[in-house]
Structure formats: C-alpha cells, structure tokens
Amino acid sequence: MLVLLRIFLRRLEKLAFRKAAALYWLSFIGLSLLAFGAGVYGWWRWEFDAADAIYQLREVGSQNWQVFVETIQLSIKAIFASDIYVATSLAQMPLSLQIARLAGAVAFILMVGRFFLFALGGRASRVFLWARCDHDIVVGDHPLAFEYAKLQKRKVTLLCQTPNNENCFKPSKFIADDLKRCGAKRARRIIVAHNLDVETWSQAQEIASLYPNMEILAHFMDSWLLERVSKADPATKLKPFSLVAGVAREVMLAHPPYLLARRKKHAVQHIIIIGFGELGQALVREFLITSVSSNPLKMAVTIIDPQAKALAAEFHARHPGIKNAIDLSFVAGNLTLHSPTVESFIKQRCSEIPPCAVYIALSEDAQPLVTAVAMKDRAEREAWFDAPIFVNSRNGSGLRSVLQGSGLYGIENYNEIQVKEHAKYVSELKLVPFGSWRRGMDGTALLSPDYDTLARTFHETYLKTQTNTANISAIEHNWDYLEEEYRVSNRRVAAHMRATLDSAGFNLETWLEEGTSDGQPHSCVDLPRSIQVFDMDDVEELERLARLQHERWMLDRLLNGWRLGRLRDNNMRLHNHLVDYGQLDDSVKEQDRAMVRQIANLVQTD
C-alpha cells in the first residue's frame, strides 16, 4: 500500500507543485467557462417544470430580465455542483445542461482539491517530498545547496535551516529521522554542504554510515584539505568535492594556457594570479594538473597578493617539492594602489617571461572587476603584457561570455566574420568572466550522471599494469574503498586528457570553439569521439606521450607533498619514481604507456 501511495503522490506532486500546475489552472478555468457558457445557453432556452419533473422549451417572447438573472444564477451554480441538477437524471436533461452539469462537477472537484492542498499548506509538500524517488537530497545552508537545486534537472529536496520553498525541510536534532522524511532510501545521491568544512565532513560520515550504498558527496571549501581526509568507514560511497577546484578546472579546460601561449609562440606557459586565497591556490593546482604539455613544456606562475609572504610559506609547506619543479614567484602588492616596487617587478617579470593568461582570483567582496579594469589599464599604458584577463564572478559582472579556446588571441589579421563577432572571442587584454555556479559545478562533474566514470577507468588501467599484485591491497583494488588521495589522482588523469590529445596532434582549438552539436560550450567531462590521432605502432610517439604522462604524474605527486626517496614510503610520502622518465625501469614506463593507450581507446570509440 505504501508503494502505491508513493506512486500516487509522485503523480499528484506534478499537478500540485511543479510546472504542470499551469495545466491545472487552465483546466479549472476552461471547465468553469464551459459549465457557465453551456448553462447560460441551456437555461435561456429551457425551463424546469417541477410538477412534472421535465424540461420544456420556453415560450417565444417569455425571456425577460428576470429570466436573464435566473439564467446567470443557475449557470453559476453549475460550477459549484448545486443540487438544482440532481432533480432529474442526466439522460433527461437537454444536451447543453448535461454539458454544464458534467463540466461543473469536474471543475468543482478541482476546486475542492486545491482548497484541500491549500489547507494542508506545508504538510502537503512534506508528504510529496517523502514520496519522491530517484531524486537528490542536499543537506546544509551553503549557497551551493540552493544553486544546485536550481541547476539540477531532476527533483532536489533541501534539508536546511532557512527553508524558502516547498522543496525544503527544516532539520530536527536527528539527521536519521530527517532523511527518512526526505525519502532518502529512494534517493539517487545525498550532498552535504555546510558553511564549515569540519561540520560538512562530520555529518557526511554520519549519513554515509546510515546509507553505505548511497553516493554521498561532501562539499569542501578548502580544495587542498579534501585530498587528505579519510573516511571513518571505508565501506561507504562517500566522496568529497570542492566547488572552488571545479571553478579553477573549468576555466583551465575551457581556455587552456598552452593554447594561449602557443598562439604567441611563447616558450613558457606563464600565468599570473591576483589573489591567493582558496581560488588562487586551486588555480595553481589545476594549472599544473590540466596543462602539462609538450608544447610549451615549461611552466611558470606569478602570484600577486598583499599577504604574499605568509601565503607563500603556507603553500610551500603544503607542497614542498613544487618550487623545484616550476618557476613559482610571489610578490606582495595591491595593483589598485601605486607601488613602484611592485610595478617594476611585474614589468621585469613580464618582459622576461611573457604571460599567456591573467586570473583575478579575488573574492566577490574584494571587487575583482575593479582590480581587473585597473590592471588592464596599467597593462595598456605601460605595456606590461597583452594576455587576456579572466575575472572571477558568480554572476558575470556584466562581462560577456566568450567561446571556448584561445579565440582571436595572437591573430593579427581577422577575417570578416571574426571582425563582426569580435566580442565572442578571447583576445588581447579582454576581460573574460569565469566562476559562475554552473561552470563551477561542471568543473566538479557534479551535474554529470556518473561522478567518476573516467577516473574509475584509469584506476582499472593502472591495476592491469601491476605485475606484482601481492603488493596491492584489496582496498586499492576496489574503487569505493580507495583512499581519497588516489581517487583524486585518477580524476587528474582524466582532467589532463585534453592536453594529451593536443600533444598527440588533435586540433583541440577547433573542437573547443565549435562546441557541442547543439551550439553549447563543452562540459569538462566532454571528450572528442571517433577520432584517430594516436599511432600506437609509432614507438617514438608512444614514448613521447608516455613521458608527458610521467611529467604530469610527478607534478601530481609533488602537489600531494611527496618527495624523492630511495624506496617508496607512503607514510613519509617518499617515492623512488620521482625522477626523469629516462631513469625509470621499463615496467614502470609501461604504466605511463598504458595510460596513453587507454586515452586512445576512449576517444577512438563512439
């Protein structure tokens, strides 16, 4: 019975609270007008003889204003199911009055049902939420919770302290009872997003223990921290994610720095980051994860922040090996203020290593658009650089979105179409918005049906290359039991696929600019399909791409705090493979070759 009740309520919910409510009102208004119109027509022509209980035509000329008033009154009664129509059977009534009676009865039922739902108020919505199936549940009051509910195409139930619509529950002291009220057993996934990472992780683990087979996603504001958390119970499907990391990944994949650098024939991918909070640090990590390329191979980062000294110390403490792997420079300063020392440093740095992209990673409270305009103005007047400037903004700050890729940057002679549609492309010193809610969720794959499809594939590929499986524990075999650090590592392989394709000769620029078949920009999980750019029989080509995979892997390990050691030691984060590709044993090189072959397989299939 409960199953049948839930099915009925799910259907009724569409009528009561969803977009189909418009159909309800149209039906009610249409039936009411039909009942009234048919009643007026019928009662103007017919009258009811109570003595003989029959209907008879009115005499010609007998219609007067009193008959008119009576006709209106009786027609209105039809809408309210008045007993005037119960005096005789339906078959004895004229056709027009039969129509009025039936339409009025249905309209009356719809009206009573609506009053019933109105009387129930919030109780009715809670009953519908309990009956839902294959929906998502979001727990917490972080803005992500509300934005996810807006952007997700499927039904979303919110469990938050500030309920603002019929899809919200206000939580009690007991999360288990709250989730039952939300129909958690029949949900697709549960997302936990509080304003404190500690609170988020604590409650996410509690929920995971209640629903071990449910996909539980925990939102972390500190993208570095999520790679180091561990589950209290490994036998759960609990996964941390970071919107900030998603924002950084999306902009790096949409406008790859190696494409921008190549347009200007730069020998180094050099990016400048203004503001080194959570987003600024995420941009550095995603740059090193997604943009390792064979052309150009070298990478450099310049970071400008008023607290640069303290932030540099924190960053190097978290990633001690990175400073020896790339050209990383910090400078303390505020570009909205006049500072000869900072200005001199920037001018010299940009003349030595021209930047290909600038990212304004300030929070919205710090007015990133003001800093972006000030920097563009100084760059134009003092010829610092001509790179595009990407501005962090949840709502776009009035800046126009552009097509993915490097656009017109570095192109001297535009064609006629490019001249007309110049605003649609990235170009020199153009202000480009990034960081919207949708793009950030795209970068985390949060809006994708399966969160870790590609990452699982690369983990399975790695396992196949292990000749000594005795050294691999059962936890390492099973993706759901895998430590989060290694799951993140596999996700990074997937994020680097576009750079691998570019290095293999694929025209990534055109693919990005063209977008999807329906004219939309590519999502971060999109890949070219049915393409033949890899020649796995070419030994030199395979080795070149395998070397690139090893370079990416080393940066991945360094980001996680690993250092070179004589023997591998997971506790001390020492690894003996943090050396040049040429120094590796062939069995280790085969792991990188296997990843290249797997990428080739993924893009060659439809």
Return the calculated 222 nm mean residue ellipticity for the chain, to the nearest 500 deg cm²/dmol, obtained by summing -39500 (n - 2.57) across DSSP H runs with n ≥ 4 and dividing by the residue count. -15000 deg cm²/dmol
Between 0 and 90 degrees, rounded to the nearest ten: what's the tilt of helix 453-464 against the longest Cα principal axis of the chain? 40 degrees
Do any GluC sites (Glu not before Pro) in segment 175-282 lie in a loop, going by DSSP, with at most 14 other beta-carbon atoms within 10 Å of their beta carbon, and if so which? none
Point-to-point label distance, residue 394-residue 339, nm (Cα→Cβ direction, 7 Å offset): 2.7 nm
Angle between the chain longest axis and helix 539-559 axis [Cα atoms, degrees, rounded to 10]: 80 degrees
For segment 277-418, just run the numbers: alpha carbon Rg, then divide by 2.2 N^0.38 Å, N being how many residues it has. 1.10
Using alpha-carbon pairs under 8 Å, 6+ residues apart, how would you state the relative contact order of the chain in percent? 10 percent
For the chain, what proportion of DSSP beta bridges, expressed in % and rounded to the nearest 5, is antiparallel? 10 percent
Helix axis angle, 95-120 relative to the chain longest principal axis, alpha carbon, degrees: 50 degrees
About its Cα centre, segment 338-382 carries a charge dipole, from +1 on Lys and Arg Cβ atoms and -1 on Asp and Glu Cβ atoms, whose size in debye to the nearest 20 is 160 debye
With N set to the number of residues, divide the alpha-carbon radius of gyration of the chain by 2.2 N^0.38 Å and report two decimals. 1.29
Can you tell me the length gained on complete extension of the stretch residue 59 to residue 448, counting 0.36 nm per residue apart and subtracting the Cα distance? 132.9 nm
For segment 450-606, report the accessible area per residue in Å² (1.4 Å probe, heavy atoms, rounded to an integer). 48 Å²
Roughly how many percent of the accessible protein surface of the chain is carbon and sulfur, given a 1.4 Å probe and a whole-percent answer? 56 percent
Might you tell me the accessible area per residue for segment 272-405, computed with a 1.4 Å probe and given in Å²? 41 Å²
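The values are calculated or read from the model by the stated rules, or taken from the named source; none is laboratory data. Remember, it's a predicted structure, so these values are computed and weren't measured experimentally. With ideal geometry, Cβ positions are generated from the backbone for all residues, glycine too; neighbour counts draw on all protein chains shown. Heads up: the accessible areas ignore ligands, DNA and RNA and are worked out on the full protein's heavy atoms, side chains in. Shrake-Rupley method; radii C 1.70, N 1.55, O 1.52, S 1.80 Å.
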